[in-house]
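Working notes, beginning with the structure itself.
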Amino acid sequence: MDIDEFQSIQLEDKVKSSQRTAKEFAINFGALKPEEWAYPMKGGRVISPFGGKRRHAGTDIKTKAGDPVYAAFDGQVVLSGTHYGYGLCVIIRHGNGLETLYSHQSMNQVKVGDWVKAGQQIGIVGRTGRATTEHCHFECRINGRPFNSARIFDHGANKLKNVVLTYRNGSIYVSNDANSVGTKVAVHSKGSKSSTAKRRTTKRRTARRR
């Protein structure tokens, strides 16, 4: 049910040209009004968390086939379509360096360039792409790098946390206090040049044996 590392790299490359890189900013999620955020799947439960042995880049949230998928925050759609193992995928860029991704949908209901509001339906739950059950693969990203969405969402309660996220010098921090930087947040490893080289070497060796 997870997206493999190579496909995650490809997706990052695909949207890189449309991203705006901010050197430093802070997002006070606790200050958002109820209409300024939404949980992507009402009543959803996590079936595969961020990270782990598979280095999962997102959080898999399950309800049932045909349920609506909602935009977590206001923003602009920068990708909408089929993309490798993600299946039908939507990426929304928000006005503060934050992006959210939703994939495996049976239908996308927005197109690139659309401005969406928090809580607006953007798709329908499905199992397109690399998925073994109907669910939504949900990612939170800062400047293209996925981080654990559980740092800003309480997935058990389907609520946004009262935290401040700070992006500084290429690193992400989360704090309960707007006056402190807080603790550093791990981002998903998309693979180093060495790991990419290892894959290529393995492919060459396999080809020679054949």
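Here are the numbers for this structure:
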| quantity | calculated |
| --- | --- |
| Residue identified as within 17 Å of Tyr39 (Cβ to Cβ) and under 14 Å from the mean Cα position of the chain (by Cα) among Ile152, Ile142 | Ile152 |
| Residue that is modelled with pLDDT of 95 or more, at negative phi and either surrounded by fewer than 21 Cβ atoms within 10 Å (Cβ to Cβ) or in a loop (DSSP other than H, G, I, E, B) (or both), where the choices are Val77, Val90 | Val77 |
| Matching residues, region 134-172, being surrounded by 16 or more Cβ atoms within 10 Å (Cβ to Cβ) and among the acidic types (Asp, Glu) | Glu134, Glu139 |
| Test set (1) at pLDDT 95 or above; (2) under 17 Å from Ala57 (Cβ atoms); (3) touching a helix residue (DSSP H, G or I) at 6+ places or on another chain (Cβ under 9 Å) - Pro146 fails condition number | (1) |
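The values are calculated or read from the model by the stated rules, or taken from the named source; none is laboratory data. As the structure is a prediction and not an experimental result, all values here were calculated from the model. Cβ atoms come from the backbone with ideal geometry, glycine included; neighbour counts cover every protein chain shown.
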